1. Sorted from fewest to most neighbouring beta carbons within 10 Å, what does the list Val149, Val38, Val241 look like?
2. Any idea what the dipole of the range 92-208 comes to, in debye rounded to 20, about its Cα centre with Lys/Arg Cβ at +1 and Asp/Glu Cβ at -1?
3. Under 1.5 on a/c is rounded, so check that first for the range 22-113, then, if it is not, pick prolate when a/b is larger than b/c and oblate when it is not; a ≥ b ≥ c are the square roots of the alpha carbon gyration tensor eigenvalues.
4. If packing is taken as the mean number of other Cβ atoms within 10 Å per residue, what is the order of 214-222, 127-135, highest first?
5. Using only the Cα atoms of the range 62-136, build the gyration tensor, take square roots of its eigenvalues as a ≥ b ≥ c, and label the shape rounded, prolate or oblate: rounded if a/c is under 1.5, else prolate if a/b is larger than b/c, else oblate.
6. Assuming a ≥ b ≥ c are the square roots of the Cα gyration tensor eigenvalues, decide whether the chain counts as rounded (a/c under 1.5), prolate (otherwise, with a/b larger than b/c) or oblate.
7. Fully extended, how many nm does the chain gain between Glu89 and Ala263 (0.36 nm per residue separation, minus their Cα-Cα distance)?
8. Roughly how far apart, in whole Å, are the Cα centres of the range 33-60 and the range 102-121?
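Each reported figure results from applying straightforward, stated rules to the coordinates on display, with no laboratory input. Small disclaimer: the values here were computed from a predicted structure and weren't measured. Note that each Cβ is placed from the backbone with ideal geometry, even for glycine, and that neighbours are counted across all protein chains shown.
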Amino acid sequence: MKHALITGVTGQDGSYLAELLLEQGYGVYGIMRRKSVVDYGNVEHLKDRIHFIYADMTDIVSLIAAMQESQADEVYNLAAQSFVATSWEQPLATAQIDALGVTNMLEAIRIVKPSCRFYQASTSEMFGLVQAIPQDEQTPFYPRSPYGVAKLYGHWITKNYRESYNLFACSGILFNHESERRGLEFVTRKITNAAARIALGEQEYVELGNLEAKRDWGHSKDYVKAMWLMLQQDTPDDYVVATGETRTVREFAECAFRAVGIAIEWQGEGVDTVGINKANGKAVVKINPKFYRPAEVELLLGNPAKAEAKLGWVREISFDDLVTRMANHDLELVRKEIAARAINV
Ligand code: NAP
Ligand code: G4F
């Protein structure tokens, strides 16, 4: 039985990857941070099937111990301070986890089990102020946030350990991927959750920032398959994983509201833009400049040709399906909240 160690197992991608690896028959080990209240996050449903190890990306001693205990054949480094906006508020913590944390993990592998294969969660955020459209493995990087800068370090140190020590180390440059398990602070889930609450009379409107930013959005379940495929190849390499389609935040909002039965029309411009519910004339989307970023990534559009050709990776979940799944999940969640409240009254 192969052993896999997942850092960030409690997160969105960690949970889908753990499901995939368990299906493949792996012994799955997951790194968890100690919290005051035990919280398995997105892997609550798998808690009896994963071997949890308490560790932290900023503590190399804990990562060496995790390698010794798991004797992992494959490490998937998904742990990160992953919210771009927070990286301006916590630039040093972001760098310690997302940049130096990668070196800690690579060193732990080199010391304990150098034959172990390594996946690094790189990101389209490294393209930032994009130098070419679409972006592929040859596109120069220009990060626009402390998060993007930290991830670029993680990307290069992975390549460097591959070249310096002959480690089987790969980076997946993944474009935005979402799901029913996405954190509520990210724009997609913020919108689907708010749309569900508005449709069920629990909220009046949602406040957003830059509606014109464009993203290449896929589903996490498809993207974790690409991570696994990268570590099954004969040679280590880096791959872009994306859909090849891009849409604005405005388009995502229209689609999400439509999915909960609300048709919106837009009025005004810039900070005065308002999304109106056509059925009753009420404002359901407003702009709050506090959600604007100090430096924005305006356009991301990936070219997944290499991953498709060399890994045989295919995306199965379309954009419309992604939005519908998220919206339906949030409608269900809000209905349950309402029902629970009714029982408690
Ligand atoms: P996520 O849901 O935010 O999960 C992040 C995980 O990292 C959580 O399990 C979190 O644990 C853990 N973590 C944070 N700081 C840690 C630390 N100091 N030590 C150990 N664990 C720590 O992120 P995701 O969307 O699944 O993304 C997975 C990875 O892919 C991240 O590295 C992200 O930067 C990268 N990425 C994501 C996307 C995307 O669109 N989703 C695109 C490209 C790259 P807690 O539960 O304790 O907070
Ligand atoms: O959903 P977001 O916060 O994701 P962002 O910044 O693209 O980062 C995500 O994708 C990266 C891959 O490219 C990952 F590496 C990273 O870990 C994360 O998963 O914001 C998307 C866009 C931005 O342009 C933002 O300015 O939506 C815009 N936006 C507009 N209003 C908003 C809001 N973003 C958030 N979070 N909240 C808003 O109200």
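1. Val38, Val149, Val241
2. 420
3. It comes out oblate by the Cα gyration axes.
4. On the way: 214-222: 22.8, 127-135: 18.0.
Listed from highest to lowest mean packing, they are 214-222, 127-135.
5. Because a/c hits 1.5 or more and a/b fails to exceed b/c, the range 62-136 counts as oblate.
6. Prolate is the answer for the chain, as a/c is 1.5 or above and a/b outweighs b/c.
7. Numbers: separation 174, 0.36 × 174 = 62.64 nm, distance 3.58 nm.
The Glu89-Ala263 span can extend by a further 59.1 nm.
8. Taking the Cα centre of the range 102-121 as reference, the centre of the range 33-60 is 20 Å away.
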